[in-house]
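See below for the structure under consideration.
The values are calculated or read from the model by the stated rules, or taken from the named source; none is laboratory data. The shown structure was predicted, so the numbers you read here are calculated from the model rather than taken from an experiment. Here the Cβ is made from the backbone with ideal geometry for all residues, glycine too, and neighbour counts use every protein chain on show.
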Amino acid sequence: MHPLDRKLFRDLWHIKGQVLAIALVIATGVGVMVQSLGAIQSLQATADAYYERYHFADVFAHVKRAPKSLARRIADIPGVQSVEPRIVDYATLDIEGFNEPATTYLSSLPDLGQPLLNRLALVSGRFVDHSNPDEVIVNKRFAEAHGLTIGGTLTAVINTTKRSLRIVGIALSPEHVYAIGPGALMPDDKRYAVLWMGEAALAGAFDLDGAFNDVTLTLLPGTDPEGVVQRLDTLLARYGGTGAYARKDQISNWFLMSEIDQLKTMARLLPTIFLAVAAFLTNMVVDRLIATERGVIGLFKAFGYSDLEVGWHYMKLVMVISLIGIALGALLGAALGHLTTSLYAEMYAFPFLLFRPHPASFVAAGALSLAAATLGTATAVRRAVRLAPAEAMRPPAPQSFSRSFLSSGRLSGFFDQPTRMIFRQVFRWPVRSGLTVLGIAMSVAVLIMALQWLDSINRLIDVYFVAAQRQDVTVGLTEVRPPSVQEAFKNLPGVQAVEGERDVDVRARFGSRSKRLSLAGMTERQGLFIVYDDAGGAIDLPPGGLVISSKLAEILGAELGSRITLDVLEGQRPVVDVPVVRIFDTYIGYPAYMRLEAVNRMMRETEVVNRVHLRVDPREQDALFRKLKDTPYVAAVTLRQASIDMFNETMARTLLVFVGIFAGFAAALAVGVVYNSARIALSERGRELATLRVIGFTRFEISYILLGQSLLLTVLALPVGCFIGNRLALGMASSFNTELYRIPAVIEPSSYGYAMLLTLGAAVLSALLVRRRLDRLDLIAVLKTRE
Amino acid sequence: MQTDQREADDARKADAPPAKTALSARGLTKVYGTGELAVWALRGVDLDLREGELVVLLGASGSGKSTLLNIVGGLDRPTEGSVHFDGAEITRFNDARLTRYRRDHVGFVFQFYNLVPSLTAEENVALVTEIAPNPMKPSEALGLIGLGDRQTHFPAQLSGGEQQRVAIARAIAKRPRILLCDEPTGALDSQTGVVVLEAIERINRELGTTTALITHNAGISAMADRVIRLADGAIQDVSINGHKIAASELSW
Ligand SMILES: Nc1ncnc2c1ncn2[C@@H]1O[C@H](COP(=O)(O)OP(=O)(O)O)[C@@H](O)[C@H]1O
Ligand SMILES: [Mg+2]
């Protein structure tokens, strides 16, 4: 081996602490990138494979009632590959040992068992026997949540009739990856079930013999779904079609893709920040490392090594460190990617999970950080190598400390000598000190970014579930009911207040854009379910016109005063033009509201509602639930508290893991910077400190001089980090803008506090590590030679 | 065999005509800094090194000795003036050729040894032999200065005198045409210093390497063929040493 290479390895071993610290920093960048890319790719790959293998449909449509013969005409629409009519509806379930009513989505199975489209992944049991109308297949999550097994029974109120159903199979479906009840935000496996039954059984129950009320299609490759959606709408209009929609708007898929989109935003932003920080730190550390090698560089040049040879030697040093970091990061990223992917798998019901981080993501992460490290250090190497050998070998000129405010009599009286040495050292190298401050600040900033998530989610819950919702229970009705139904609900046990709502499926159009949504008709001023502007609180609904969320305005490209065309998709299917009279901000979804009377008038109906919000006395809740389970026109029951609990639970499971990962990364950044700068300061100032020891300074005093500097820089970095963190976190929050969520841009004071504490802790830890070396400072050896 | 060689060398020196010039410098000026802060380290120095001779450059601290040696050795460039070696003007060399010049022809010994601490004695020597065109084996060079048994020691395991001898072995292992030693005994006590000087003397004699040795210690000049006195960046006088004595007889 060439002696230079031997030197390389011995030097690396000698500074192994620093090597590890730099490698750790690089590993964070690579790790975050591999982790998030890995999770995205795995989630996407899993979804794609699932959809493909189980024939997930491309277009979906719901109708009131259409003859089966219509299926042929649907199949004739150009671009349609296969068509499957079916019967679906909601019902309530009564589970033994579970007080609250659960909602179920019933879906019919053809005689053959396995449907043509949206095939079931049967986990256990078998398909239903069509001669037995009471057999059902249950979705796996619900079965697990209640410990249901094959052979067990369920009681359901299906279209006003109470039925006892026998479980013959447990399954998963690509349609219900994100199994979510009507109006819910998160899957609630205890209160929402998907049941599959024989077609004849459901046709009987819903009076749909020879007819269907739902249809799904797959398209020939390359077909634009929007064209098919339009033709299908035309075809289904007279059968009470509520608007066909493409796969991208299918609720489960929409949630899944929103999640992947969010991940993509993260995967762009976070690794970029980490890689940039890592490159910056590597540069800073290597720069100083090379500065300590000045003399050796001069020596090599004196021997006749060329600039290129010397530069290459140090480049190799950087590359070895980078490669260690990349390897660590790849391992770490793969492990964390696996962990996060399995967290998603828990949230989404997949029958299998492909953890397939693309090798390209490893290569990209590795190449990026190698490039960042080498490019970043190239300048340092070039600068060091450029020195004339005589220059490089000369001991660096004594630092020219000039008289400054720090040496003025006033201050020197104020601080003791060691403290003044610290200040001088810091201000002597303003750029170096500044970079160290910046490096530590980035650690604080990253932590704030992570913690801000919890703050945002808490704010979101506060606004969405607490400020804007005062009801305890929301009941969806099977069909519209006159206002007298509110009286009926008021008479149920424990009900203190009732508020009715009329929801209508519409397609909102403005210019060339359109969006299918559920328009909610509300009373002028609501006491329970409140139309709430996140910026300004409750809103009174003006008598005429639409009140829409800013997200919907954005989707449609509409503004205040725009006239939106509403194609109503139910009843007599009127088409009306309504002006936008108010735009408000929401964190969730893209809702639109009108006055209840206005909706009723638009629908040419008498005063009716199809949803009621209830305030309930908690002591009588159980009695109410028992009643609700037996009430025939109840289609779905949502409990606000249960939603909040679900939300919190899910967040606790997933978000805390992410915050934990980022906290770890941020700590690694802090340790990387502080440990390295203290170690380099030690190697630069070892002689000076040993001299101080020799002339009588105590161990504590010299530790104070060296580490006090690190800690001073850390303290200076804290507010800087808070500022950068604030900018980054708020920037990131506002870049999260999907149809599903907007993230409130809030950072609680406590998050700044925790971020600073953790960074300070990491800094103190690194300083203590270096202190151990200080205690072992060899006084004689240091003074004897001039190495 | 060694004795034969020595006799042969002595004979050659005794009746040879004035030796050829190995290296010659003319009008070397070096100014550090500019304006008011400018330091004139050299003010027009002419210097000739003849083949095989041992020259001592004597001067007080700050008189410009190191500056002169660095320029002659191709470590630094003069502000003005020229250095000729082998018919080429090295002061006109670009960096690459200057590197080549150092690599092929010049050996350096420094006051503070400048060994690479993470390499053993042998590896420190190998650092140079790896890139030289016609080097000795590292063990051979170490043997020449009497450290054959210290090959695998790291610098930290060697005394100051031993470290400096390793540095000498490292300098001569490439069989340089010119050996430049900048205060090689500056960091050593006199007894150890003598051992180091003996090594240099032996290399000069046995390999015939043109040697320039810097010192501020007038006592050492007794071992030189010629003594050049430097003061305030200029040559004060050049004297031929009529009473050259062996390094072993020096003391200070
Ligand atoms: N890099 C430099 N910058 C400024 N002045 C220098 C530099 N190197 C040497 N000098 C000055 O040049 C003069 C000669 O220095 P040097 O050649 O090292 O002397 P010597 O080796 O004889 O002690 C001294 O005054 C020294 O201070
Ligand atoms: Mg000198």
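Tallying residues that are touching a residue at least 60 places away in the same chain (Cβ under 8 Å), in contact with a helix residue (DSSP H, G or I) (Cβ under 8 Å, 6 or more places away or on another chain) and of a type outside the set (A, V, I, L, M) within region A:244-263 yields 7. Filtered by the rule that a residue be farther than 15 Å from B:Asn114 by Cα and surrounded by fewer than 23 Cβ atoms within 10 Å (Cβ to Cβ), region B:179-193 gives B:Asp189, B:Ser190, B:Gln191, B:Thr192. Screening B:Leu180 with (1) within 16 Å of ligand 1 (Cβ to nearest atom); (2) part of a loop (DSSP other than H, G, I, E, B) gives one miss only, at (2). Which condition does A:Arg513 not pass, out of (1) exposed (fewer than 15 other Cβ atoms within 10 Å of the Cβ); (2) in contact (Cβ under 8 Å) with a residue 12 or more places away in the chain; (3) farther than 29 Å from A:Pro744 by Cβ, if it passes all the others? Only one criterion is unmet by A:Arg513, namely (3). Only strands (runs of 3 or more DSSP E) whose full extent lies in region B:40-157 are considered here, and the ones with at least 3 residues that are away from chain A (no Cβ under 14 Å) and within 16 Å of ligand 2 (Cβ to nearest atom) are B:54-59. Among the residues of region A:290-298, is any more than 30 Å from A:Ala179 (Cα to Cα) and away from chain B (no Cβ under 14 Å)? Yes: one or more hits. Kindly evaluate A:Gly169 against the criterion of being crowded, with 17+ Cβ neighbours inside 10 Å, touching a Lys or Arg at 6+ places or on another chain (Cβ under 6 Å) and more than 21 Å from A:Glu100 (Cα to Cα). For A:Gly169, the condition - crowded, with 17+ Cβ neighbours inside 10 Å, touching a Lys or Arg at 6+ places or on another chain (Cβ under 6 Å) and more than 21 Å from A:Glu100 (Cα to Cα) - is met. Among the residues of region B:174-193, those identified as under 10 Å from the mean Cα position of the chain (by Cα) and within 16 Å of ligand 2 (Cβ to nearest atom) are B:Leu180, B:Cys181, B:Asp182, B:Glu183, B:Pro184.
Across region B:194-218, the qualifying residues are those that are more than 15 Å from ligand 2 (Cβ to nearest atom) and among the hydroxyl-bearing types (Ser, Thr, Tyr), and the one among them that is surrounded by the fewest Cβ atoms within 10 Å (Cβ to Cβ) is B:Thr209. All conditions but one from (1) over 17 Å from the mean Cα position of the chain (by Cα); (2) within 12 Å of ligand 1 (Cβ to nearest atom) apply to B:Glu36; the one that does not is (2). Among strands (runs of 3 or more DSSP E) entirely within region A:134-241, having at least 1 residues that are under 30 Å from A:Arg513 (Cα atoms) and at pLDDT 90 or above singles out A:211-219. Just one of (1) surrounded by 21 or more Cβ atoms within 10 Å (Cβ to Cβ); (2) touching an Asp or Glu at 6+ places or on another chain (Cβ under 9 Å) fails for A:Ala468. It is (1). Residues that are away from chain A (no Cβ under 14 Å) and among the hydroxyl-bearing types (Ser, Thr, Tyr) within region B:28-39 comprise B:Thr29, B:Thr34, listed in sequence order.
Filtering B:Asn124, B:Asn134 for residues that are within 20 Å of A:Ser306 (Cβ to Cβ) and either surrounded by fewer than 23 Cβ atoms within 10 Å (Cβ to Cβ) or without any contact (Cβ under 8 Å) to a residue 12 or more places away in the chain (or both) leaves a single hit, B:Asn134.
Checking each residue in region B:219-251 for being more than 27 Å from B:Gln191 (Cβ to Cβ), surrounded by fewer than 16 Cβ atoms within 10 Å (Cβ to Cβ) and of a type in the set (Val, Ile, Thr) picks out B:Val238, B:Ile240.
Has region A:379-396 got any residue that is within 51 Å of the chain's Cα centre (by Cα), within 14 Å of another protein chain (Cβ to nearest Cβ) and either at pLDDT below 75 or more than 16 Å from ligand 1 (Cβ to nearest atom) (or both)? Yes, the conditions are met somewhere in region A:379-396. The helices (runs of 4 or more DSSP H) located wholly in region A:411-491 that include 3 or more residues which are in contact with a Gly (Cβ under 8 Å, 6 or more places away or on another chain) occupy A:417-428, A:430-461. If you go through region B:234-252 and keep only what is assigned to a loop (DSSP other than H, G, I, E, B) and more than 19 Å from the chain's Cα centre (by Cα), you end up with B:Gly242, B:His243, B:Ser251, B:Trp252.
Scanning region A:319-362 for residues that are surrounded by fewer than 20 Cβ atoms within 10 Å (Cβ to Cβ) and either farther than 30 Å from A:Asn253 by Cα or among the charged types (D, E, K, R) (or both) yields a total of 9.
Could we say that A:Arg772 is exposed (fewer than 15 other Cβ atoms within 10 Å of the Cβ) and more than 32 Å from the chain's Cα centre (by Cα) here? Here the answer is yes, as A:Arg772 does meet what is asked.
Among the residues making up region A:614-653, those that are at pLDDT below 80 and touching a helix residue (DSSP H, G or I) at 6+ places or on another chain (Cβ under 7 Å) are A:Thr650, A:Met651, A:Arg653. Taking B:Ala171, is it part of a strand (DSSP E or B) and either at negative phi or within 16 Å of ligand 2 (Cβ to nearest atom) (or both)? In short, no.
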